1. How many angstrom separate the Cα center of the range 168-191 from the Cα center of the range 203-252?
2. Taking a cut-off of 14 Å between Cα atoms, list the aspartates and glutamates near LYS233, but don't count ones fewer than 8 places away on the same chain.
3. If you wrap the range 350-432's Cα atoms in a convex hull and average its projection over all directions, what's the area in nm²?
4. What number in nm² do you get for the chain if you take the convex hull of its Cα atoms and divide its surface by four?
5. Using bins 10 angstrom wide from zero, how does P(r) for the range 102-233 break down, in % of all Cα pairs?
6. Using alpha carbon coordinates only, what is the Rg to Rh ratio of the range 39-152, with Rh defined as the Kirkwood radius?
7. What's the center-to-center distance, using Cα atoms, between the range 253-270 and the range 9-36 in Å?
8. Given a 10 angstrom Cα cut-off, can you work out which residue in THR48, THR381, THR103 is the most mobile in a GNM of the chain?
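The values are calculated or read from the model by the stated rules, or taken from the named source; none is laboratory data. Owing to the predicted nature of the structure, the values given are computational and were not obtained by experimental measurement. Heavy atoms of the whole protein, side chains included, go into the accessibility calculation; ligands, DNA and RNA do not. Shrake-Rupley method; radii C 1.70, N 1.55, O 1.52, S 1.80 Å.
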Amino acid sequence: MTYYSLNHNAPEVSFREAVIQGLAPDKGLYFPKTITPLPISFFEHIETLTNEEIAFGAIRQFIGNEIPENELRQIIADTLCFDFPIVKMEENVYSLELFHGPTMAFKDVGARFMARCLAYFNRNNPETRNTVLVATSGDTGGAVASGFLGVKGVDVVILYPAGKVSDVQERQLTTLGQNITALEVDGVFDDCQDMVKKAFLDEDLKNHNLTSANSINIARWLPQMFYIFFAYKQLKRENKPLIVSCPSGNFGNICAAIMAKRLGLPIAYFVASTNANDTVPRFLENGKYAPKSSVATISNAMDVGNPSNFIRIQELYHNDLSEFEKDFSSFSFTDDETKSAMKAIYENSGYIAEPHGAVGYLGLKKEMAKHPGSIGIFLETAHPIKFPETVEPLLGITLDIPEQIKSVLGKEKKSLKISTYNELKDFLSHSG
Ligand SMILES: *Cc1c(COP(=O)(O)O)cnc(C)c1O
């Protein structure tokens, strides 16, 4: 498969090169040159396929022959080492739980897949070292740290905004050691993301083999299609138009869901649900893409003012608002609305939603009201235990601590504080 840069000013590359580079030399995100729908028979028989078979069918064309079939099947099997249940909340409304992986966030899927692809590409070059550089608003760091821990030939450097991630999230990315380093940035998420982008384009760092493990990297982004297929498999028998709502920050998850539809998955409607960071809802209202600095909310993993994947979504809709209107909407919700939803969900169904999932639920309900007879899923993107500061007092409960979290709670935080790009550059120049 060939990938082109969405800035249209860089050479086309293979899957391998796109994964290793992360961002194209012209700062553009890579995008697949072709998207070929799967045969109808794939969907007719989807309920007879295992998750691994479905994932293989969905992603194979994007990799082509750059990873042999058996290796790719093994990468997928190692990636999907946990469950993706859908839980009925109320009539026709389901939560797709994506938090049963090692760090209890959906990002485990993309991070595990990408780490294994990179390990495959490095298999015959023991002297090559790649540095994975990643900015996190919360959950990416932990998932990437866990997914890449101990992967040979790869150093991981994680930038996170000081004081703006939860205690559990911070421990997940600062306590592992080995090939993982956490840099604590005096700033907000967008500052971290800007520094990372700058490093990729810095000529002085060219020979450091930097790549990104944010959803700008295709190997992090594309596997996020998998669980939309798994959800469809479980709901197909209902035979109703399906609405999918993704709580959205960098818009990688929702973009992967749209890709799943382009492969033929029958999704009737998409909802990108956001918190107060409403750049995309505003775009859909007036056609102007006007990013703002991010503001802090209780759904902190979505505190993104300039969502990096939106450019891919614009490509998929040919930059045409009238195309968006056919199957895409985006709504913004306040923290108060989110808290009310968490309470209502708990009172009505006993289900404990965390703030991101609750934003997804709100967007889903809003859109479903316009489509009688539809069925909807919202993505529950993290486990409530990652946000106990919000969840416990609001719902008046004490959460049980799952094993995955217990294992990091007692560990000591290790981070390096930085506040400028030059400090990052210094660090990268003297490592690896
Ligand atoms: C990263 C994250 C999101 C946002 O996902 P995007 O793909 O960036 O839109 C939502 N919820 C949680 C818990 C996350 O960690």
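1. Distance between centres, Cα-based: 22 Å.
2. Straight-line reach from LYS233, under 14 Å: GLU44, GLU47, GLU52, GLU53, ASP83.
3. Quarter of the Cα hull surface area: 10.2 nm².
4. That works out to 19.2 nm², a quarter of the Cα hull's surface.
5. Going from the shortest bin to the longest, the percentages are 13, 44, 34, 9, 1.
6. Values: Rg = 16.3 Å, Rh = 16.0 Å.
When Rh is taken as the Kirkwood radius, the ratio is 1.02.
7. 21
8. Maximum fluctuation in the GNM of the chain, among the listed residues, is at THR48.
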